[in-house]
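Since the structure comes first, as structure tokens, the remarks are kept for the end.
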Amino acid sequence: MSSPKLPIEALLAEERLFEPTAALREQANMKDAGVYAKAQQDREGFWAEAARSLDWFKPWEKVLEWNPPTAQWFIGGKINVSYNCLDRHVKTWRRNKAALIWEGEPGEERVLTYADLYREVNKFANVMKKLGIRKGDRVTIYMPMVPELPIALLACARIGAPHSVVFGGFSAESLRDRINDAQSKLVITADGSYRRGQIVPLKRNVDAAIKECPCVENVILLKRLGDAAFIHVQEGRDHWWHRLMADAQAYCEPEAMDAEDPLFILYTSGTTAKPKGILHTTAGYLVGASLTHRWVFDIKEEDVYWCTADIGWVTGHSYIVYGPLANGTTGLMYEGSPDWPEKDRWWQMVAKYGVNILYTAPTAIRAFMKWGEKYPDQHDLSSLRLLGSVGEPINPEAWMWYHDVIGKGKCPIVDTWWQTETGSILISPLPGLTAMKPGSATFPLPGIDADVVDETGQSVPLGGGGYLVLKSPWPSMARTIYGDPERYVQTYWNRFGKEVYFAGDGCKRDSQGYFWLLGRVDDVMNVSGHRISTMEVESALVDHHEVAEAAVIGRKDEIKGEAIAAFVTLKEGALSDVEKVSELKKHVSEKIGSIARPDAIFFTAELPKTRSGKIMRRLLRDIAEGRALGDTTTLADATVVAKLKSQYEES
Ligand code: WTA
């Protein structure tokens, strides 16, 4: 296990306890403390009850078929996700309730009621059908945070075409690889987007990507920038969204999907350079996303709920689109950056729309802490009643700041642990039941069988640490890695046997059983809550013609959690100057995307390696974080690392 990234002994001594208030206990959506035991005694019964809150075309015959590591949930059931997110609401008074309140970065506002969203989704589903998209065809979506993005997702769900959303910050090459891996016939994009007042050239990236994607037949192009975007429209292949919609039929019959039919693929970084296409299926996913959204965020009919993630990540899939819409929630959606035009943009929006629930990431909270209280203090934040955190461990100082400065001491904080692979939140407080400790995600949710184990897979007693595992299946779990089932088994279901899911996170439990997540135990970095593999960045670096070798590590960073630091050996004769540093940073941005741009690049004649030739990243991390070097006895040549350390300290 790599060295813990938080001062864990200090964390475990945390004595501050925040109990739910009496009012919360009384009003919470889940207030029966017996729910944990009940779910444990009859896990399948528990999930079946959760599944009954959805509308089924045909009920399931069997709740679970578990042939480790293959799980099938709600077998025989027929259901449609878009029907559950739209049709069943438009049949009620919710028809004219706001589903999405949207604000563009330049300041435009749009409100879409459930009826509006229903109409757009139906029409867009017909648009895709007319372009030949059928049940089972994959569709890649590369779009800004505009209402058409959830519309596209829901329309895919309506016709049973699994979507693969690629975050707009990924480069043309990353997009190309993801399109080809999924073999998508259709790409949906926009002419561009706004970010900090700048234009993001989405369509240009699509053009570059699909030059090498023979599978793509059509591109649907949303006009977001209009004349500001200088784009090329390829006759026959590229179609304007608004033109297609103008002729579209108003109603599209939702496809009766099998519970286990694929709903989407979402790529995430693993320990190799190739991202994994995590596949989620229909019913189990929606059961997990909707139940957790209702219980963890304690959603009430009249709430305005804001999850600040991008839909390009799983948090946006489950907690902007599917969970909230299945629950008939009013959600706020924002296109741009939190510091544009000023660092109070979010707080201005909280006050303007009366946001009640805010769900964001520790990296954002730490950035706000650094910018200072004056920004939130300029606005009335009294509408807030519950706060959430996701993406990485939240340090207790950030937790307390969030609690005191944003929540004014009155909002519970749900620190939610989960992953792309888990589909929905698995470890989190339930606001009406759980006493919170700053920095702890507290306990596994009802129905979730989490444990902490040692190297041999033995459960570690309370007070100890090890690897986080899940010992029973849950409905929203990933079903496979698209196109690579073997890798799925090897990555998640092999370390401790095929019945135990290995999450890849380190975890400790304190004497009261609270879970304290410690960060990744593999070569995956967590940069501002985004998973990036060290291997992916290394291969982008060595792809540069002057780089001989590269080793990448995540070093502790006050705002980002981890920042990317690269140690690079150049080829003979290449110049190691400042220009080379910027050139290499740019190269990585172009290969992967700006999110993977290294913060620091450090040139070295040699990298510290073991006798078998393995780069010792642990020692590089010691150097980059200014620590004394750990054990160096396994090195082939100990002078390499000593030299590197003194060189680093001098630079
Ligand atoms: C980390 C994001 C600690 C963890 C939903 C996990 C967290 C990875 C938390 C998944 C949290 C997420 N506390 N660590 N509350 N939430 N993580 O797939 O390392 O983008 O394995 O899913 O983020 O990242 P992913």
**Q.** Among the candidates T308, T272, T315, residue that is in contact with a Cys (Cβ under 7 Å, 6 or more places away or on another chain) and either of a type in the set (D, E, K, R) or open to solvent by 10 Å² or more (accessible area, probe 1.4 Å) (or both)
**A.** T315
Q) Just checking, how many residues over the stretch 224-263 are touching a Lys or Arg at 6+ places or on another chain (Cβ under 9 Å), surrounded by 14 or more Cβ atoms within 10 Å (Cβ to Cβ) and not in a loop (DSSP other than H, G, I, E, B)? A) 8
**Q.** Residue count, the stretch 62-117 (criterion: surrounded by fewer than 18 Cβ atoms within 10 Å (Cβ to Cβ), farther than 17 Å from H280 by Cβ and of a type in the set (A, V, I, L, M, F, W, C))
**A.** 4
Q | Search result, residues across the stretch 584-611 that are farther than 19 Å from S651 by Cα and free of Cβ contacts under 8 Å to residues at least 60 places away in the same chain | A | K586, H587, V588, R597, K609, T610, R611
Q.
From the list T491, T480, T416, T456, exactly one residue is under 27 Å from K276 (Cα atoms), touching a Leu at 6+ places or on another chain (Cβ under 9 Å) and surrounded by fewer than 23 Cβ atoms within 10 Å (Cβ to Cβ). Which is it?
A. T480
Q. Which one of these does D191 not meet: (1) among the acidic types (D, E); (2) closer than 19 Å to W241 by Cα; (3) open to solvent by 30 Å² or more (accessible area, probe 1.4 Å)?
A. (3)
Q) Do any residues in the stretch 421-436 that are more than 13 Å from D449 (Cα to Cα) have Cβ atoms under 8 Å from those of residues that are away from the ligand (no atom under 13 Å from the Cβ) and in a strand (DSSP E or B), where the two are at least six apart or on different chains, and which pairs are they? A) P431/L386; A435/F18; M436/F18
Q) So which residues in the stretch 449-476 are part of a loop (DSSP other than H, G, I, E, B) and closer than 14 Å to E421 by Cα? A) P473, W474, P475, S476
Q: Kindly state which strands (runs of 3 or more DSSP E) lie completely within the stretch 477-543 and contain at least 2 residues that are in contact with a Pro (Cβ under 6 Å, 6 or more places away or on another chain), within 10 Å of the ligand (Cβ to nearest atom) and under 28 Å from R366 (Cα atoms).
A: 515-520
Q.
Looking at the stretch 187-208, I want the residues that are of a type in the set (S, T, N, Q) and have a partner that is open to solvent by 10 Å² or more (accessible area, probe 1.4 Å) and in a strand (DSSP E or B) with Cβ atoms under 6 Å, at least 6 apart or on another chain. Which pairs are those?
A. S193/V200
Q: Kindly list, by first and then second residue, each pair from a residue in the stretch 382-395 that is touching a residue at least 24 places away in the same chain (Cβ under 8 Å) and open to solvent by 10 Å² or more (accessible area, probe 1.4 Å) to a residue that is within 7 Å of the ligand (Cβ to nearest atom) and among the charged types (D, E, K, R), limited to pairs with Cβ atoms under 9 Å and residues at least 6 apart or on different chains.
A: V390/D415; P393/D415
Q | Subset of the stretch 155-177 [part of a helix (DSSP H, G or I) and crowded, with 24+ Cβ neighbours inside 10 Å] | A | A155, C156, A157, R158, I159, S174, L175
Q.
For the condition more than 16 Å from Y267 (Cβ to Cβ), among the aliphatic types (A, V, I, L, M) and open to solvent by 10 Å² or more (accessible area, probe 1.4 Å), what is the one hit in A563, A548?
A. A548
Q: Among what's in the stretch 402-412 and is crowded, with 20+ Cβ neighbours inside 10 Å and without any contact (Cβ under 8 Å) to a residue 60 or more places away in the chain, pick the residue that is farthest from F515 (Cα to Cα).
A: I406
Q) Residues of the stretch 320-346 being without any contact (Cβ under 8 Å) to a residue 60 or more places away in the chain and within 16 Å of the ligand (Cβ to nearest atom), which ones? A) P324
Q. Does A398 count as within 16 Å of the ligand (Cβ to nearest atom), over 19 Å from R345 (Cβ atoms), surrounded by 19 or more Cβ atoms within 10 Å (Cβ to Cβ) and at pLDDT 95 or above?
A. yes
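This table checks each residue for (1) closer than 26 Å to L291 by Cβ; (2) more than 11 Å from the ligand (Cβ to nearest atom).
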position	(1), (2)
S383	yes, yes
Y402	yes, yes
G409	no, yes
I427	yes, no
T434	yes, yes
D451	yes, yes
Q: Look through I278, I299 and report the one residue that is of a type in the set (A, V, I, L, M), in contact with an Asp or Glu (Cβ under 7 Å, 6 or more places away or on another chain) and in contact (Cβ under 8 Å) with a residue 60 or more places away in the chain.
A: I278
Q) Pairs, please: C-beta under 8 Å, at least 6 apart or cross-chain, first residue in contact (Cβ under 8 Å) with a residue 24 or more places away in the chain and in the stretch 248-262, second in a strand (DSSP E or B) and open to solvent by 60 Å² or more (accessible area, probe 1.4 Å)? A) A256/K58; A256/K78; M257/K78; D258/K78; A259/Q72; A259/K78; E260/Q72
(Q) Every residue in the stretch 152-178 that is hydrophobic (A, V, I, L, M, F, W, C) and over 19 Å from the mean Cα position of the chain (by Cα), please. (A) A155, C156, A157, I159, A161, A172
Q: Could you list, in sequence order, all residues of the stretch 178-209 that are hydroxyl-bearing (S, T, Y) and either farther than 18 Å from E148 by Cβ or assigned to a loop (DSSP other than H, G, I, E, B) (or both)?
A: S184
Q: Could you please give the count of residues in the stretch 516-543 that are open to solvent by 10 Å² or more (accessible area, probe 1.4 Å) and over 21 Å from G439 (Cβ atoms)?
A: 8
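The values are calculated or read from the model by the stated rules, or taken from the named source; none is laboratory data. Here the structure is a predicted model, which is why all the values come from computation and not from measurement. Ideal geometry is used to build each Cβ from the backbone, glycine not excepted, and the neighbour counts take in all protein chains shown. Accessible surface areas use protein heavy atoms only, side chains included; no ligands, DNA or RNA. Shrake-Rupley method; radii C 1.70, N 1.55, O 1.52, S 1.80 Å.
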